[in-house]
Amino acid sequence: MMNKDYILRIAERFGRALAIILHLRQSNKYEETLIYIDDVFLQTTGFTSSFVNSASEEMLLQMISPLGVLNVQKCVWIGLLLKEEGDVYVEMGNEDESYYRYLKSLHFFLEAAKQSSEVRDIDIVSAVEYDLRALETFELPQKTKLAVFSYFESMGQYARANDMLFEMIETGEDPIDAGVVGQGRVFYERLRSKSDTELETGGMSREKVEQSLAQLEEKG
């Protein structure tokens, strides 16, 4: 079910569309909800829902980045509307369709988070967490884990970044991806430069950093 607190946090900018979606869902009018979401997709991004769901994240991001500059508003709309479709498919009992929507939505919210200073109409942290919770029973692709790992570090959530790094190593291909190991080494070097207070705030200690680096070297 939709998190009502989530709705309240983004009501000012997206409230009207979300209110209509919520009303349709509460009336169990799921097909009408999906049609409405498709209309909003077209109005706000210029793309249909079917196109957004069939195109790769890379292609879509390129299309909404004229002259190489991301259109953050369109990026957020895509993430939001994909999340809404995911919620609808959950209520319809279609986990496969909801999974792909939440996964793609997460990528767009993570991309928007890189431009956090320009995201004023939505609580992007809550949006990312919403999708992560929706996906917690699924195995995420490595590229998604890598994006989440980078996001956690950028947010100062070092313990969660550390956990995601080892999840990538443990669930990845054998032999272990040298690129992931390399990024891990650089990650711990960056953590070494942090103060004890910064590490503690991020859920890590200096001892934990050294232990994790040693474990990484053993695996790599």
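Table for the structure above
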| item | result |
| --- | --- |
| Per-region count, region 69-105, residues crowded, with 18+ Cβ neighbours inside 10 Å, more than 24 Å from residue 24 (Cα to Cα) and aliphatic (A, V, I, L, M) | 1 |
| Answer from 82, 103 - the residue that is modelled with pLDDT of 95 or more, touching a Pro at 6+ places or on another chain (Cβ under 9 Å) and outside the structural domain of residue 204 (by TED's automatic domain parsing) | 103 |
| Which numbered condition residue 109 fails, given (1) touching a Phe, Trp or Tyr at 6+ places or on another chain (Cβ under 7 Å); (2) at pLDDT 95 or above | (1) |
| Residue satisfying all of: in region 33-47; loosely packed, with under 15 Cβ neighbours inside 10 Å and part of a helix (DSSP H, G or I); modelled with the lowest pLDDT among these | 43 |
| Filtered residues of region 134-153 (kept if more than 9 Å from the chain's Cα centre (by Cα) and more than 16 Å from residue 96 (Cα to Cα)) | 142, 143, 145, 146, 149, 150, 152, 153 |
| Residue among 199, 110, 146 that is in contact with a Lys or Arg (Cβ under 7 Å, 6 or more places away or on another chain) and either surrounded by 15 or more Cβ atoms within 10 Å (Cβ to Cβ) or assigned to a loop (DSSP other than H, G, I, E, B) (or both) | 199 |
| Region 121-139 - residue that is part of a helix (DSSP H, G or I) and at pLDDT below 95 and, of those, surrounded by the most Cβ atoms within 10 Å (Cβ to Cβ) | 127 |
| Number of the condition not met by residue 104 [criteria: (1) within 20 Å of the chain's Cα centre (by Cα); (2) assigned to a loop (DSSP other than H, G, I, E, B)] | (2) |
| Test result for residue 110, under 25 Å from residue 184 (Cβ atoms) and under 12 Å from the mean Cα position of the chain (by Cα) | yes |
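The values are calculated or read from the model by the stated rules, or taken from the named source; none is laboratory data. This one's a predicted model, so the numbers in the text were calculated from it and none came from an experiment. Using ideal geometry, Cβ is built from the backbone for each residue, glycine included, and neighbour counts are taken over all protein chains shown.
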